[in-house]
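The values are calculated or read from the model by the stated rules, or taken from the named source; none is laboratory data. Since the structure is predicted, the reported quantities are computational estimates derived from the model, not experimental observations. Counting neighbours? That spans all protein chains shown, and the Cβs are built from the backbone with ideal geometry, glycine included.
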Amino acid sequence: MFHLKTKRVLSNATSALVCVLMLAEVGTQANAAAVPSAANIEASDVVSSSSGYPFVCDDPVAIRDRMVNQHTSAGLPSLSDRFLSLIRIPTGNQRSNSDLAKANLARDVTFVVPASYGIRYQAEKHRLTVNADLSGDDNQAGILLKKTISGPSGRKLVVAPEARSKGFIQHIDIIELKAGDNKKTTIHGRVTLSPAAYAEANGDYAIVLKGHLVPPYFSDRIDHSDPTDDEPTDITTRTSRLYVDITAIWLISPQRGVVLSKALRLSK
C-alpha cells in the first residue's frame, strides 16, 4: 500500500512577488536607452497601494473567473453546472464574452511573468540581451501565465491498470495568454546595463505584458488522459486561454523595483 500525499506545484508562484512594486526613475546605471517615469505608468484597479506610484498586475485566475461568471450569468445554470463550478471544472469546450464592461475588463490588463531563463549579460559591452521563451515546459501554444498541478503522479510507483484504484489522479490547471492570431511566445530585446546595476539585480528579472482582451476573449478546454505504461496516472487538464492584443512589453527588476526597458518585442 502506498502512502499518498498531495503535491502542489506552482510554476509561476514568483509572479505574486512583483504584483505591487514602486517604480523609480532609472538613471544611467540602469538603462540609458529607455528610462520610464513612474508617473507615466497607468495603474490597474485590481490592486491598490497608498504609497507613491504603484505598479500592479492582474491575477489570471481572477480574470478567468470573471469571464466564466459573466458567461454563466446569462442563463440559469443546471444542477450539474453548479456542481462542476464548485470543483472549478468548466462544462463547455469554449466560451466567449463580448460584454467586457460588465466583467470590469474593458480596460488594459497587465500580467507579470518571471524570466528565469533566456537573459544573458555581456559585461564588456554593458549589454543585457533578452531571448526568453514564455511558453512553459510543455511548449504551450500561448504564453504561460499560471500552471498548477494537484495530485500524485504514479510514474515508477504503480502499473497503469492500478493507477486509479491506488489514487494516482492528477488535475492540471493551465492559464495561458494568446497574442492575437499568432503563435509568438518569445520575448526579444537589448538593454544597456552597467555592471553595478546588473549585480544589484542579482538575476531577478520579470516580463510585463500589457494589452487588452480581443475576440474571442476567452476559451476553456478540458482534456483527459487515461493511465498508460509510460505515465500511470489518471490526468485531467484544464487549459484556459486569454486572447490579448499586447500593446507593451517591459523588462523589470522586481528586486530593485524599476523598469529596465520598455523596448522589448514578441516573436516566434
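Of all residues in the range 218-261 being of a type in the set (Lys, Arg) and part of a strand (DSSP E or B), which is surrounded by the most Cβ atoms within 10 Å (Cβ to Cβ)?
ARG241
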Could you give every pair whose Cβ atoms fall below 6 Å, whose first residue belongs to the range 163-176 and is in contact (Cβ under 8 Å) with a residue 24 or more places away in the chain and among the polar types (S, T, N, Q), and whose second residue is part of a strand (DSSP E or B) and surrounded by 19 or more Cβ atoms within 10 Å (Cβ to Cβ), counting only separations of at least 6 or pairs across chains?
GLN170/ILE235
Positions within the range 232-268 being small (Gly, Ala, Ser) and within 16 Å of the chain's Cα centre (by Cα), in sequence order
SER240, ALA248
Being in contact (Cβ under 8 Å) with a residue 40 or more places away in the chain, buried (at least 22 other Cβ atoms within 10 Å of the Cβ), in a strand (DSSP E or B) and touching a strand residue (DSSP E or B) at 6+ places or on another chain (Cβ under 9 Å) is the requirement here; does LEU209 meet it?
yes
In the set ALA141, ALA160, ALA179, which member is touching a residue at least 24 places away in the same chain (Cβ under 8 Å) and either on the phi > 0 side of the Ramachandran plot or in contact with a Pro (Cβ under 8 Å, 6 or more places away or on another chain) (or both)?
ALA160
Determine which single condition ASN182 fails, assuming it passes every other condition in (1) closer than 16 Å to ILE235 by Cβ; (2) among the polar types (S, T, N, Q); (3) touching a Leu at 6+ places or on another chain (Cβ under 9 Å).
(1)
Filter the range 117-136 for residues that are free of Cβ contacts under 8 Å to residues at least 40 places away in the same chain and over 18 Å from ALA263 (Cβ atoms); the one that is surrounded by the fewest Cβ atoms within 10 Å (Cβ to Cβ) is GLU124
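Scan the range 156-173 for residues that are modelled with pLDDT of 95 or more and either crowded, with 21+ Cβ neighbours inside 10 Å or in a loop (DSSP other than H, G, I, E, B) (or both) and jot them down.
LEU157, VAL158, VAL159, ALA163, ARG164, SER165, LYS166, GLY167, PHE168
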